[in-house]
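What follows is a single structure, written as structure tokens, with notes after it.
What follows is calculated from the coordinates using simple rules that are stated; it is not laboratory data. Worth saying up front: this structure is predicted, and the values here are computed from it rather than measured. Positions of Cβ are backbone-derived with ideal geometry, glycine not excepted, and every protein chain shown enters the neighbour counts.
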Amino acid sequence: MKKENKIEVVKDLTNKFKENNIFYLLDASGLTVSQVNSFREKCFKRDVEYKVVKNTFIKKALENQDVDYSEILNSDSLKGFSGLLFTNESPSSPAKALKDFRKSLDADHPSLKAVAIDSDFFIGDDHLDFLSKLKSKNELIGDVILLLQSPAKNIISLLKSSENKISGVLKALEINKISV
């Protein structure tokens, strides 16, 4: 590969890291072409992009970031055959795609080297189960909205049940010890 091409690959990868606040670094050695294609398909279904890139390019692209990736750079994560999973949606999507693929192979490979979610890092394959259970930003916002709506729903149901009489509402609030 010519030097100009290498520079272009690092530049593209640098932009990819900037555009995607979530990426997974995998050890994908030993996979056949058909297995890689099957894995790409599982990733595509979950809006996850899979790329195979040389470790030196990954290292240079991570060094070009504003975020400090020294925890990943100083670990053994950039040794061996590496694949990258990129997503911006759900932090659990790549983990779920990886678990599904492993289940179809009945193997523990490809293995997880490192994960970056915003500025948090997870090094090692032992984090895969935890990562597969993470909620997306939209799911977390929905949970907060449900929690905020709960007291309002209680008051509305009290108003309906006591036929809109203020004294009945106050008594129901006192009995149920609901704070307004």
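Tabulated values for the structure
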{"item": "Nonlocal amide H pairs with Val52, under 5 Å, H built at 1.01 Å", "result": "Leu84"}
{"item": "Gyration tensor (alpha-carbon) shape descriptor, the stretch 76-139, a/c threshold 1.5", "result": "oblate"}
{"item": "Over 18 Å between alpha carbons, listed pairs Lys6/Lys54; Lys3/Lys79; Lys59/Lys113; Lys11/Lys45; Lys16/Lys133; Lys79/Lys103", "result": "Lys3/Lys79; Lys11/Lys45; Lys16/Lys133; Lys79/Lys103"}
{"item": "Ala114 long-range amide H proximity, modeled H, under 5 Å", "result": "Leu25, Gly124"}
{"item": "Sparsely packed trypsin sites (Lys or Arg not before Pro) within the stretch 12-81, loop by DSSP, other Cβ within 10 Å at most 15", "result": "Lys79"}
